[in-house]
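Some notes on the structure that comes next.
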Amino acid sequence: EEVVSIDTPSSISDFILPDADVLLLSVGNDGRVFFSMDGKEHRLNLINKFEEKYQMGLTDEQKYQFAIANDVGLPIGQLKQYYSIEPIKRKEVKMPGIPVDTLVGPTNELSDWIYFGRLSNPNVRIAVKGDNKAPFKVVNAVIKTLEKQDIHQFSFITYLEANPNAPKTASHGGGGKH
């Protein structure tokens with residue numbers, strides 16, 4: 001279940017993301033940024049890297065709750081408090097999004113999410129999923145954050161529409177001579 005609903009723009013690309021080893025950055029229509037990465041062991045590795053750097057004092061249970069969760073859109077300093085809440089009550093919390101200001105280094109926490117995500121799973125493919133109405137400024141900040149880590153290959157997630165440039169197949173109908 002997604003924490004934020006994303007109405008993606010359409011495209012005609014036929015590339016399909018793999019089912020595993022995906023790091024997903026989602027941008028909601030309100031500009032909030034979310035992080036998701038598959039694999040409980042990768043997410044546990046990720047939260048342990050955050051704990052090493054930020055010394056949040058997370059318990060093993062809080063780390064486990066993070067490891068089994070879906071999308072997260074919180075500043076790093078709010079992780080301990082969030083994972084202290086009962087899982088059923090977490091659904092009531094509106095996450096503010098991950099800080100992604102590219103002009104002021106310390107407030108671009110998305111950079112650490114990406115960096116530690118890649119360390120936690122070196123085989124990860126990065127994808128960006130932006131709502132149709134997501135502020136361009138925020139989507140651009142996500143892309144610039146990727147570029148600052150020399151990540152120039154990533155996927156944009158869209159919904160698939162028919163390719164208007166694809167060759168048309170002839171339909172002859174009725175089975176008679178033509």
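The values are calculated or read from the model by the stated rules, or taken from the named source; none is laboratory data. Quick caveat: nothing in here was measured; it's all calculated off a predicted structure. Because the Cβ atoms are built from the backbone with ideal geometry, glycine has one as well, and the counts that use them run over all protein chains shown. Quick note on the areas: whole protein, heavy atoms, side chains included, nothing else; ligands and nucleic acids left out. Shrake-Rupley method; radii C 1.70, N 1.55, O 1.52, S 1.80 Å.
Name the single residue that is surrounded by the most Cβ atoms within 10 Å (Cβ to Cβ) among those in the range 57-86 being touching a helix residue (DSSP H, G or I) at 6+ places or on another chain (Cβ under 6 Å) and not hydrophobic (A, V, I, L, M, F, W, C). So, considering only residues that are touching a helix residue (DSSP H, G or I) at 6+ places or on another chain (Cβ under 6 Å) and not hydrophobic (A, V, I, L, M, F, W, C), the one surrounded by the most Cβ atoms within 10 Å (Cβ to Cβ) is 83.
What do you reckon, is residue 111 part of a strand (DSSP E or B) and either more than 16 Å from residue 145 (Cβ to Cβ) or of a type in the set (Ser, Thr, Tyr) (or both)? Judged against the criteria, residue 111 is not a match.
Condition check ((1) at pLDDT 95 or above; (2) surrounded by 14 or more Cβ atoms within 10 Å (Cβ to Cβ); (3) within 18 Å of residue 27 (Cβ to Cβ)) across all residues:
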| site | (1), (2), (3) |
| --- | --- |
| 102 | no, yes, yes |
| 121 | yes, yes, no |
| 136 | no, no, yes |
| 142 | yes, yes, yes |
| 154 | no, yes, yes |
| 159 | no, no, yes |
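Of the residues that make up the range 138-145, is at least one in a loop (DSSP other than H, G, I, E, B) and either in contact (Cβ under 8 Å) with a residue 24 or more places away in the chain or touching a helix residue (DSSP H, G or I) at 6+ places or on another chain (Cβ under 9 Å) (or both)? No, that holds for no residue. Taken together, the criteria place residue 117 among residues that are modelled with pLDDT of 95 or more and either in contact with a Phe, Trp or Tyr (Cβ under 6 Å, 6 or more places away or on another chain) or assigned to a helix (DSSP H, G or I) (or both). Looking only at the range 30-52, count every residue that is under 17 Å from residue 101 (Cα atoms) and assigned to a loop (DSSP other than H, G, I, E, B) and tell me the total. Here the count works out to 3.
Could you tell me which residue of the range 123-133 is nearest to residue 50 (Cα to Cα), considering only residues that are among the aliphatic types (A, V, I, L, M) and open to solvent by less than 20 Å² (accessible area, probe 1.4 Å)? Result: 126.
Within the range 61-96, the set of residues being under 17 Å from the mean Cα position of the chain (by Cα) and among the β-branched types (Val, Ile, Thr) comprises 68, 72, 76.
Only one residue in 21, 14, 7 is at positive phi, out of contact with any Ser or Thr (no Cβ under 6 Å at 6 or more places or on another chain) and modelled with pLDDT under 95, so which one is that?
21
You will find that of 129, 63, the residue that is outside any loop (DSSP other than H, G, I, E, B) and either among the hydroxyl-bearing types (Ser, Thr, Tyr) or over 19 Å from residue 32 (Cβ atoms) (or both) is 63 and no other.
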